[in-house]
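Down below is the structure, laid out as structure tokens.
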Amino acid sequence: MSRLIKKILADKLSPEELNEVISGFDIIGDIAVLKIPDRLLSKKYLIAKTLLDNVKSIRCVFRQVSPVSGEYRLMELEHLAGEDRTFTEYRESGCRFYVDIAKVYFSPRLSGERLRIANLVKDNEVIVNMFAGVGTFSIVIAKKRKTTRHYAIDLNPDAYQLILKNAYLNKVEDRVTAFLGDAGRIIEYYLSGCADRVLMPYPERALEYFPFALKALKEDGGTVHVYLHVKSKPIEEVIEEVLPKLDFGKKFVVEDVSGRVVREVGPRIDQVVLDIRLERLES
Ligand SMILES: C[S@@+](CC[C@H](N)C(=O)[O-])C[C@H]1O[C@@H](n2cnc3c(N)ncnc32)[C@H](O)[C@@H]1O
């Protein structure tokens, strides 16, 4: 798609401008979301209209006005062209998702990572997704691994409603249970000791919530996927730096840890994931 968009905008922007627009460009269902650098703002309607007129699958074009912020990780949007709606249907890995990009966090850029985790999961696993958004990780895994069970938590009531709808949409509602509330409290009240695997896809607060991930794990241990934003550096150095910051408590010991860069999120800033396998500490 980015090649097509480059071609469409080639006679409207310089090669350098084109690269800037492409790197901040997402398509979610039939909605295009653009990050437009300040010096190109005078061309924002031209860019939006050109995309709308030339890419059949795009029906609405928005500009991301603010960075993602707040507890619900939302961004401010400005409507530029096409239909003025933020609700759409997005497809990924054979699943369908209803998304409202103004009301919930959503990134198509995590699709590869969601599939990677789905491929790690074994039969009959119980998986807690502490920061589920619209349920993407949980539903992609549930659809691919038919015997798995999922608890998908989010603090945002709109995200919670969409987890419920998306679980039905993908016919996995019998194996995906949604919880509305703070992940820490939900785990303490309902999900202690239940999980083989815990997902923490909220880089800004994963370290702080790590003790709750441990609480969710089964007595014998399991795997925690911790997502973080870090300065770009070799992943071995990231692991060396992060591990001492994690409090593993008295119950578990690290059996294995590996990491990878998921994507670049800013100039020299990466989103990384650490896959940490824990086992019970024999006393
Ligand atoms: C980065 S997004 C998650 C992305 C999602 N996993 C995906 O694949 O698209 C973080 C999510 O955590 C939710 N959140 C923030 N604080 C929370 C908390 N204390 N407990 C549970 N969910 C929380 C936000 O509402 C947001 O939907």
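Observations
- Qualifying positions in region 149-174 - closer than 15 Å to THR136 by Cβ, away from the ligand (no atom under 14 Å from the Cβ) and either open to solvent by less than 50 Å² (accessible area, probe 1.4 Å) or touching a Lys or Arg at 6+ places or on another chain (Cβ under 8 Å) (or both): ALA167, LEU169, ASN170, VAL172
- Reported count of residues in region 109-125, each being more than 11 Å from the ligand (Cβ to nearest atom) and among the hydrophobic types (A, V, I, L, M, F, W, C), is 4.
- Unique residue being assigned by TED's automatic domain parsing to the domain that holds GLN64, open to solvent by less than 30 Å² (accessible area, probe 1.4 Å) and closer than 17 Å to LEU77 by Cα when the list is LEU34, LEU13, LEU18: LEU34
- The residue list LEU46, LEU52, LEU80 contains one member that is part of a strand (DSSP E or B), farther than 30 Å from ARG185 by Cβ and among the aliphatic types (A, V, I, L, M), which is LEU80.
- The residues of region 206-220 that are touching a residue at least 24 places away in the same chain (Cβ under 8 Å) and open to solvent by 10 Å² or more (accessible area, probe 1.4 Å), listed by number, are LEU207, TYR209, PRO211, PHE212, LEU214, LYS215, LYS218, GLU219, ASP220.
- Residue, nearest to the ligand (Cβ to nearest atom), within region 126-148, restricted to residues that are open to solvent by 20 Å² or more (accessible area, probe 1.4 Å) and assigned to a loop (DSSP other than H, G, I, E, B): PHE131
- ARG73 open to solvent by 80 Å² or more (accessible area, probe 1.4 Å) and under 26 Å from the mean Cα position of the chain (by Cα): no
- Number of positions in region 58-72 that are of a type outside the set (Asp, Glu), within 16 Å of the ligand (Cβ to nearest atom) and touching a residue at least 24 places away in the same chain (Cβ under 8 Å): 3
The values are calculated or read from the model by the stated rules, or taken from the named source; none is laboratory data. As the structure is a computational prediction, the values presented were derived from the model and not from experiment. Backbone-built Cβ (ideal geometry, glycine too); neighbour counts: all protein chains shown. The area values use the complete protein model at the heavy-atom level, side chains included, leaving out ligands, DNA and RNA. Shrake-Rupley method; radii C 1.70, N 1.55, O 1.52, S 1.80 Å.
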